[in-house]
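The values are calculated or read from the model by the stated rules, or taken from the named source; none is laboratory data. Quantities reported herein were computed from a predicted structural model and do not represent experimental measurements. With ideal geometry, Cβ positions are generated from the backbone for all residues, glycine too; neighbour counts draw on all protein chains shown.
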C-alpha cells in the first residue's frame, strides 16, 4: 500500500498493441507492449489521490497578509488634516485683511 492509502497491484499485466484490423503488432517476433493503459491507470490513480487530499483538507489555503486600518487612527488623521486646513485658511484670511 502506498503512503496515500491507494493500493497498487504488485504485478502489472501487459497489454499488447493492436492494429486497426485487430491483430497484435509484432517486432522481431515479439508482441509490442502498449503503454497507454498503464499511463491511463497512473493518471486515474493521481486523480483519486488528489480528490482524496481535497476531501481531507490537505490543500491549505494560501496565507495572505491583511492590513487593517481601525477607525481611531483614521479619524485622528482626518481631525489633524481639518485642523491644518483651518490654520491655513485663517492665515490666508489674515493676509487678505491686511491688504
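The table below lists the values:
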{"quantity": "Qualifying position, being within 30 Å of residue 17 (Cβ to Cβ), in a helix (DSSP H, G or I) and at pLDDT 95 or above, among 48, 39", "calculated": "48"}
{"quantity": "Every pair of residues 6+ apart whose Cβ atoms lie under 7 Å, when the first sits in region 76-91 and is at pLDDT below 90 while the second is assigned to a helix (DSSP H, G or I)", "calculated": "none"}
